[in-house]
1. Within segment 35-51, work out how many residues are surrounded by fewer than 16 Cβ atoms within 10 Å (Cβ to Cβ) and over 13 Å from Arg64 (Cβ atoms).
2. Residues Gly48, Gly37: which one is at positive phi and out of contact with any Lys or Arg (no Cβ under 8 Å at 6 or more places or on another chain)?
3. Can you pull out the residues in segment 14-34 that are under 22 Å from Lys66 (Cβ atoms), of a type in the set (S, T, N, Q) and open to solvent by 20 Å² or more (accessible area, probe 1.4 Å)?
4. How many residues are of a type in the set (Lys, Arg), under 19 Å from Lys7 (Cβ atoms) and in contact (Cβ under 8 Å) with a residue 24 or more places away in the chain when one looks only at segment 19-66?
5. Could you check Pro54 against (1) more than 9 Å from the chain's Cα centre (by Cα); (2) open to solvent by less than 80 Å² (accessible area, probe 1.4 Å) and say which number it fails?
Amino acid sequence: MDHSLAKMLLIMNVSEIIAQEYHLSLKEARDELYKSGMVDLIENDETGLYGESPQYCFSVYQARKK
């Protein structure tokens, strides 16, 4: 099953959370998400992250930043 829409929406929603939390533009937040490697994890069906909430994925993003 193709989860591309769920993945795209999740990436957008996590980017919005990053933008709010770190006072960044949406573009800067999206760039940070890509640089962190989180997008690769979200797009990998084996991780199952595409089915998690944006808040959960944001917490994974924060943990990976440390």
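1. We begin by selecting, within segment 35-51, every residue surrounded by fewer than 16 Cβ atoms within 10 Å (Cβ to Cβ); these are 35, 37, 40, 44-48, 51.
Right, trim to over 13 Å from Arg64 (Cβ atoms) and you get 44-46, 48, 51.
Residues meeting the conditions: 5.
2. Details: Gly37 fails: out of contact with any Lys or Arg (no Cβ under 8 Å at 6 or more places or on another chain).
Among Gly48, Gly37, only Gly48 is at positive phi and out of contact with any Lys or Arg (no Cβ under 8 Å at 6 or more places or on another chain).
3. We begin by selecting, within segment 14-34, every residue under 22 Å from Lys66 (Cβ atoms); these are 14-24, 28-34.
Subset that is of a type in the set (S, T, N, Q): 15, 20.
Of everything in segment 14-34, just one residue is under 22 Å from Lys66 (Cβ atoms), of a type in the set (S, T, N, Q) and open to solvent by 20 Å² or more (accessible area, probe 1.4 Å), namely Gln20.
4. 1
5. Only one criterion is unmet by Pro54, namely (1).
The values are calculated or read from the model by the stated rules, or taken from the named source; none is laboratory data. Note that the coordinates shown come from a computational prediction; the quantities given were computed from them, not determined experimentally. Positions of Cβ are generated from backbone atoms using ideal geometry, with glycine treated the same way; all protein chains shown enter the neighbour counts. Quick note on the areas: whole protein, heavy atoms, side chains included, nothing else; ligands and nucleic acids left out. Shrake-Rupley method; radii C 1.70, N 1.55, O 1.52, S 1.80 Å.
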